[in-house]
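First the structure, in the form of structure tokens, and then the observations on it.
The values are calculated or read from the model by the stated rules, or taken from the named source; none is laboratory data. Bear in mind the structure is a predicted one, so any value in this text is a computation, not a measurement. Cβ coordinates were reconstructed from backbone atoms using ideal geometry, including for glycine residues, and neighbour counts include every protein chain displayed.
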Amino acid sequence: MARIITVGAAQLGPIALNDTRAQVVERMVALMHQAKSCGCDVVVFPELALTTFFPRWYFEEQASIDAFFEASMPSSETQKLFDTARTLQVGFYLGYAELAQEQGQLRRFNTAITVDKNGKILSKYRKIHLPGHPEHEPWRRFQHLEKRYFETGNLGFNAFQADWGTHKKGVFGMAICNDRRWSETYRILGLQAVEMIFIGYNTPVHNPPAPEHDALSNFHNELVMQSGAYQNGTWVVGVAKAGIEEGIEQIGNSIIVAPSGEIVGACTTLGDELAIARCDLDLCSSYKNTTFNFARHREPEQYRMIVERKGAIAPKSD
Ligand code: CDV
């Protein structure tokens, strides 16, 4: 019996600096209704989906930064997403800025959660690969201050079991934006037998330190998710906040990638849009049991020896 999960890539168009959480949540709820009518089990929203992509600005006041963060999840403003999940029986992945209290300290993370069809949080992930720079760099047309506003995620890449209904149980994983460019993200989840990875992103077309990459931004987006999927025998769902947001052009190109590496669903606009695919989780085993049978073909001992040998000749710093 196939295990078919119908997944929706719920791309969002631009969110303006002055848009309220309530306005954004309404747009997301509309996409969840569309998803329901298409038979979706779960939808994937972008990274930092509730606000504009605020790391593009340098703010001096901590209060101005914290205005973009959620101190609780759900909150009064996001409760409607959880209620809609329960009413429609459609789960979701949501990216947001998390203000956490840990050991009596305030901590800030770029976070994603997966919520089940009953509105219960199944798993939380905090972004590990934070791109950008920690200091204000006025020479840039726009900032990318994730290294200033967020701490590195401290929860690891944990695959988790999710049960979306009869014959819809599987192993899922999460990553956020820049994580998708790193092979470690997929491999760590792959080593936990992941079958579907959810990834939200905000990717400007223009890369200030390397403008020569700009024309390749969609190509690189597809390249990393297609290879991550294939090399680990997993589905990957990558979802953008797209379009011209506060004057900055962001890629769309939200895609659903099969374990073969093929793109089987894609958004074609730069606005709010739902792309769907019926994903058979059992297709993963065709790759996990053959070309990418890790137990049979991986050589972790060799990798360890190579890394250690290189380590021995690398200059040591103190
Ligand atoms: N939000 C991101 O992590 N964006 C990065 C950009 C800065 C390159 C990305 O990898 O898409």
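Can we say Ala35 is on the phi < 0 side of the Ramachandran plot, at pLDDT 95 or above and touching a helix residue (DSSP H, G or I) at 6+ places or on another chain (Cβ under 9 Å)?
Details: on the phi < 0 side of the Ramachandran plot: yes; at pLDDT 95 or above: yes; touching a helix residue (DSSP H, G or I) at 6+ places or on another chain (Cβ under 9 Å): yes.
Considered against the rule, which asks whether it is on the phi < 0 side of the Ramachandran plot, at pLDDT 95 or above and touching a helix residue (DSSP H, G or I) at 6+ places or on another chain (Cβ under 9 Å), Ala35 comes out as yes.
Only one residue in Ile251, Ile244 is touching a residue at least 24 places away in the same chain (Cβ under 8 Å) and surrounded by fewer than 16 Cβ atoms within 10 Å (Cβ to Cβ), so which one is that?
On inspection, the qualifying residue turns out to be Ile244.
Filter the stretch 262-276 for residues that are β-branched (Val, Ile, Thr) and part of a loop (DSSP other than H, G, I, E, B) and give the result.
Selection gives Thr268, Thr269.
How many residues are surrounded by 15 or more Cβ atoms within 10 Å (Cβ to Cβ), of a type in the set (A, V, I, L, M, F, W, C) and either closer than 20 Å to Pro55 by Cβ or touching a strand residue (DSSP E or B) at 6+ places or on another chain (Cβ under 6 Å) (or both) if we restrict to the stretch 139-163?
Within the stretch 139-163, residues that are surrounded by 15 or more Cβ atoms within 10 Å (Cβ to Cβ), of a type in the set (A, V, I, L, M, F, W, C) and either closer than 20 Å to Pro55 by Cβ or touching a strand residue (DSSP E or B) at 6+ places or on another chain (Cβ under 6 Å) (or both) number 6.
Can you go through Pro46, Pro55 and tell me which one is within 16 Å of the ligand (Cβ to nearest atom), touching a Lys or Arg at 6+ places or on another chain (Cβ under 6 Å) and not aliphatic (A, V, I, L, M)?
After applying the criteria, what remains is Pro46.
Within the stretch 141-194, which residues are of a type in the set (D, E, K, R) and either touching a helix residue (DSSP H, G or I) at 6+ places or on another chain (Cβ under 8 Å) or within 11 Å of the ligand (Cβ to nearest atom) (or both)?
Of everything in the stretch 141-194, those that are of a type in the set (D, E, K, R) and either touching a helix residue (DSSP H, G or I) at 6+ places or on another chain (Cβ under 8 Å) or within 11 Å of the ligand (Cβ to nearest atom) (or both) turn out to be Glu146, Lys147, Arg148, Asp179, Arg180, Arg181, Arg187.
Could you please find all residues in the stretch 201-238 being touching a Ser or Thr at 6+ places or on another chain (Cβ under 9 Å), within 21 Å of Val171 (Cα to Cα) and within 14 Å of the ligand (Cβ to nearest atom)?
Within the stretch 201-238, Val224, Gly228, Gly238 meet the criteria.
Hey, among the residues in the stretch 43-96 that are among the β-branched types (Val, Ile, Thr) and either free of Cβ contacts under 8 Å to residues at least 24 places away in the same chain or within 21 Å of Gly13 (Cβ to Cβ) (or both), which one's surrounded by the most Cβ atoms within 10 Å (Cβ to Cβ)? Can you show your working first?
Let us first name the residues in the stretch 43-96 that are among the β-branched types (Val, Ile, Thr), namely 43-44, 51-52, 65, 78, 84, 87, 90.
Narrowing the set further to residues that are either free of Cβ contacts under 8 Å to residues at least 24 places away in the same chain or within 21 Å of Gly13 (Cβ to Cβ) (or both) leaves 43-44, 51-52, 78, 84, 87, 90.
Details: Val43: 29, Val44: 31, Thr51: 20, Thr52: 21, Thr78: 21, Thr84: 20, Thr87: 14, Val90: 27.
Ranking the candidates gives Val44 first.
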